[in-house]
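In what follows, a structure is listed as structure tokens, so that the remarks can point back to it.
The values are calculated or read from the model by the stated rules, or taken from the named source; none is laboratory data. Keep in mind it's a predicted model, so treat the numbers as computed, not measured. Cβ placement follows ideal geometry from the backbone for every residue including glycine, while neighbour counts extend to all protein chains displayed. Heads up: the accessible areas ignore ligands, DNA and RNA and are worked out on the full protein's heavy atoms, side chains in. Shrake-Rupley method; radii C 1.70, N 1.55, O 1.52, S 1.80 Å.
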Amino acid sequence: MLEKINLHDIKNIALEASKVIMEIYKKDFQVEYKDDKSPLTEADLKANEIICNSLKNLYPDIPIMSEENKQTDYDIRKNWEYYWCIDPIDGTKEFVKKNDEFTVNIALIHNQEPVLGVVYAPAIEVMYSAKKGSGAFKNIQKLPIKRDDNKYIIVASKSHMSQETQEYIDNIKTTKEKELTSMGSSLKLCLVADGSANCYPRVAPTMEWDTAAADAIVRESGKMTYNFETHKPLSYNKVELLNPNFVVK
């Protein structure tokens, strides 16, 4: 199945959704709040519609999981060999703040592993992409990119910094000077993938669609996203769609 997926098509779907997202981003828009108090905008819903419809047209046999769709019962989805895992706008809080650090996330999962990912940040026009066995890229540049080795750079959440994350950062043992940088959305995983950061610890709640696309890019760049407790790679399509705490390095 993976060989039949055209990564260029998936990147184009992210670009199409981003056109609508940016039209809304540049004007005043209403913000609603879901039951879990997370923000929701017209841009989330319109982007979701474009992405889901486009994927259904191209690949009608592959089921879709999206943050903005009603979730399929585990009894059904546990039998999915392949499925799309989508977050139409990851970092809606950043979108609302208009700080440009939000992304469109589209991932393909195969047997609990992300094997294709597109992460597009439309406000800064940066496209990360990867397909298992074919490399990971930032725009057209292959990852990882060589960086300055004199510092140990840790990336953390702009909107969700926890005390536990801070403790992890404090306990990192390195002979290099530690430097902390903040970023919104799945761009944090991408910074580790491209070599801009050495690690990204996350000891705070995330959902599978928050990480899936960027995690595919992380893995194809030669890095890994590890479960904090088991030290095993993060897995997807679990009974509970909440991710465990994790570290990308």
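Worth a mention:
- Of all DSSP beta bridges in the chain, antiparallel share, percent nearest 5: 75
- Computed with every protein chain present, the accessible area of Ser196 is close to 40 Å² [probe 1.4 Å].
- Each stretch of four or more DSSP H residues adds -39500 (n - 2.57); spread over every residue of the chain, this sum gives -9000 deg cm²/dmol at 222 nm.
- Taking every alpha-carbon pair under 8 Å whose residues sit at least 6 apart, the chain reaches a relative contact order of 17 percent.
- Cross-link pairs Lys151/Lys188; Lys173/Lys223; Lys142/Lys173; Lys173/Lys249 - those with Cα-Cα distance over 23 Å: Lys142/Lys173
- Most to least packed among 135-143, 53-61, 95-103 [average Cβ atoms within 10 Å]: 95-103, 135-143, 53-61
- Look at (i) 0.96; (ii) 1.28; (iii) 1.06: the one that is Cα Rg over 2.2 N^0.38 Å derived from this structure is (i).
- Under a 5 Å amide H cut-off, with hydrogens placed 1.01 Å from N, Ala136 pairs with Leu143 among residues at least 5 apart or on other chains.
- Measuring with a 1.4 angstrom probe and ignoring ligands and nucleic acids, Met1 comes out at about 80 Å² accessible.
- For Val218, net neighbour charge (Lys/Arg +1, Asp/Glu -1) across residues whose Cβ lies under 15 Å away: +3
- Shown for the range 96-204 is the translational diffusion coefficient from the Stokes-Einstein equation, using the Kirkwood radius over Cα pairs, a temperature of 4 °C and a viscosity of 1.567 mPa s: 86 µm²/s.
- A straight Cα-to-Cα reach below 14 Å connects Lys176 with the aspartates and glutamates Asp148, Asp149, residues fewer than 8 places away in its own chain not being considered.
- The range 1-49 and the range 86-157: distance between their alpha carbon centers, rounded to Å: 15
- Amide H within-cut-off set for Thr181, under 5 Å, with H built and near neighbours excluded: Ile154, Val155, Ala156
- Candidate cross-link partners of Lys70 among the lysines, defined by an alpha-carbon separation under 20 Å and a same-chain spacing of 8 or more, comprise Lys34, Lys37, Lys46, Lys56, Lys78, Lys238.
- Of the residues Lys238, Lys132, the one with the largest accessible area comes first in the ranking Lys132, Lys238, computed with a 1.4 Å probe on protein heavy atoms.
- Compared with the dominant Cα axis of the chain, that is its longest principal axis, helix 208-220 is turned about 60°.
- Derived scalar couplings ³J(HN,Hα) [the range 87-97; Karplus, 6.51 cos²θ - 1.76 cosθ + 1.60; whole Hz; x for Gly, Pro]: 10, x, 9, 8, x, 4, 4, 6, 4, 5, 6
- Scaled radius of gyration (Cα, divided by 2.2 N^0.38 Å) that the range 1-67 gives: 1.29
- Surface per residue (accessible, 1.4 Å probe) for the chain, Å²: 48
- The mean sequence separation of alpha-carbon pairs under 8 Å and at least six residues apart, normalised by the residue count of the range 185-249, gives a relative contact order of 41 percent.
- Between the amide H of Ala123 and those of Phe102, distances stay under 5 Å, these residues lying 5 or more places away or on another chain, with hydrogens modeled in the peptide plane.
- The apolar share of the surface of the chain, taken as the fraction of accessible area on carbon and sulfur atoms (1.4 Å probe, ligands and nucleic acids excluded), comes to 48 percent.
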